[in-house]
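Shown next, in structure tokens, is the structure this report addresses.
The values are calculated or read from the model by the stated rules, or taken from the named source; none is laboratory data. Keep in mind it's a predicted model, so treat the numbers as computed, not measured. Every residue, glycine as well, gets a Cβ built from its backbone with ideal geometry; the counts of neighbours run over all protein chains shown. Heads up: the accessible areas ignore ligands, DNA and RNA and are worked out on the full protein's heavy atoms, side chains in. Shrake-Rupley method; radii C 1.70, N 1.55, O 1.52, S 1.80 Å.
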Amino acid sequence: MIIQKYQQPVFNYIGRMVGERELALDFSQEVFLKVYASLGSYRPQYKFSTWLFKIASNAVIDHWRKRKVPTLSLDQQPDDAEDHCPIQVPDENPSVVRQFELRELRQKIDAAIDKLPPSLRELFVWRHINGLSYEEMAEIKDLPLGTVKNRIFQAKEMLKRLLEEPA
Amino acid sequence: MSCLSLERLYAYLEGEISSAESRDIVGHLAACPICRDAVEERRRMLQAIETLPGFEVPPDFAKGVMDRISVAPARAKVSFVRWLAAGVAGFLAFVAVLSVIALVTGQNFFQFFIRFNRGFWSYVQEGALVLAKFAKLVFLFLKVVQQFLGEILEGLGVFASLISSEAQVIFICASFLLILAGGFLWRRKFLVEKNHEN
């Protein structure tokens, strides 16, 4: 079933893009409704996931336009962590200290991803969380391959700088 | 081998380079502690990112979507029925109002309709006359614009006959650039004002 196959990647993407869990859930449902309504316009020569993410990306852009919350300045402090989607850390590490360190690092990364500018965050999430290829992202966003690669590189280096900042 | 660029470093970490290139980099890393540190820092970061847990999708997510899909056509039907009911109710209300007016004025119901019909068509005629006058005004305005443009083009023709063909090309290019610059500045001003409003 299409929904069950793609619900996790779509929810991961939208969750990272809009920040709030409930909103992300509602949004993900809306995306699947749009996909259902537009199935007639899907052309099988293209990859389904590429088409699906294009719809999801347009929905996120529309949301930002309506809400007028396109960016968060890097000078600002992040919002309360309560508004963000909770992350679950698996108990796979034997050491309590190691587990704590890993959890802390993941939380830092989680907050740092939220601080990336949306145009970089979107591509970064697709690449490193959804595992999309550069070619797929270039097709979804109608951007040259070089631009996509460059933006993802910028995102990674920005993320590294954010992680180095004192908490 | 010189030190790694950051782009090449990421390409190495993500396995996007050839095995020969990869061997060169491994050789370089063994000898260069600066690049080794840079690679290790980014390797740790990428590993942590790639092991970030996903957001937990509620077990009833798919059911929620299917419920909304099944409700969508039903809503459309209800909406159509409501529109139909509203139309019928409106028509009946209109007839009821006319009947009350006819009863109050003591007129025959059909005579009232006859008078209403005449009144209605006289309004239509007056409206059509106003529209015709407006169309005539538009026609006159367009005629004035046509004459004005004609005069300008004739003036330009006389001007062009007085200067050389090279000067004509320069004049046309300069005018074109001026128009482009004007458009650009206007657009910029408009966008700045819009941003201020936001």
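Below, the figures for the structure above:
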| quantity | calculated |
| --- | --- |
| Residue match in region B:68-81 (condition: in contact with a Pro (Cβ under 9 Å, 6 or more places away or on another chain), open to solvent by 40 Å² or more (accessible area, probe 1.4 Å) and at the interface with chain A (Cβ under 9 Å from one of its Cβ atoms)) | no |
| Residue among B:ALA11, B:ALA20 that alone is surrounded by 15 or more Cβ atoms within 10 Å (Cβ to Cβ) and either within 30 Å of A:LYS149 (Cα to Cα) or in contact with a Leu (Cβ under 8 Å, 6 or more places away or on another chain) (or both) | B:ALA11 |
| Selected residue (only one of A:TYR6, A:TYR13 is open to solvent by 30 Å² or more (accessible area, probe 1.4 Å) and either among the hydroxyl-bearing types (Ser, Thr, Tyr) or touching a residue at least 60 places away in the same chain (Cβ under 8 Å) (or both)) | A:TYR6 |
| Hits in region B:11-36 (condition: among the small types (Gly, Ala, Ser) and within 12 Å of chain A (Cβ to nearest Cβ)) | B:ALA11 |
| Residue that is nearest to A:ARG161 (Cα to Cα) [pool: residues in region A:105-125 that are part of a helix (DSSP H, G or I) and among the aliphatic types (A, V, I, L, M)] | A:ALA112 |
| Residues that are within 26 Å of A:ASP110 (Cα to Cα) and more than 9 Å from chain A (Cβ to nearest Cβ), drawn from region B:37-67 | B:ASP37, B:ALA38, B:VAL39, B:GLU40, B:ARG43, B:GLN47, B:PRO59, B:ASP60 |
| Odd one out for B:GLY87 among (1) touching a residue at least 24 places away in the same chain (Cβ under 8 Å); (2) away from chain A (no Cβ under 14 Å); (3) not aromatic (Phe, Trp, Tyr) | (1) |
| Unique match (being out of contact with any helix residue (DSSP H, G or I) (no Cβ under 7 Å at 6 or more places or on another chain) and assigned by TED's automatic domain parsing to the domain that holds B:GLU14) among B:VAL39, B:VAL26 | B:VAL26 |
| Residue within region A:130-137 that is under 21 Å from B:ARG42 (Cβ atoms), surrounded by 15 or more Cβ atoms within 10 Å (Cβ to Cβ), modelled with pLDDT of 90 or more and in contact with a Pro (Cβ under 8 Å, 6 or more places away or on another chain) present | yes |
| Residue within region B:115-128 that is part of a helix (DSSP H, G or I), β-branched (Val, Ile, Thr) and open to solvent by 70 Å² or more (accessible area, probe 1.4 Å) present | no |
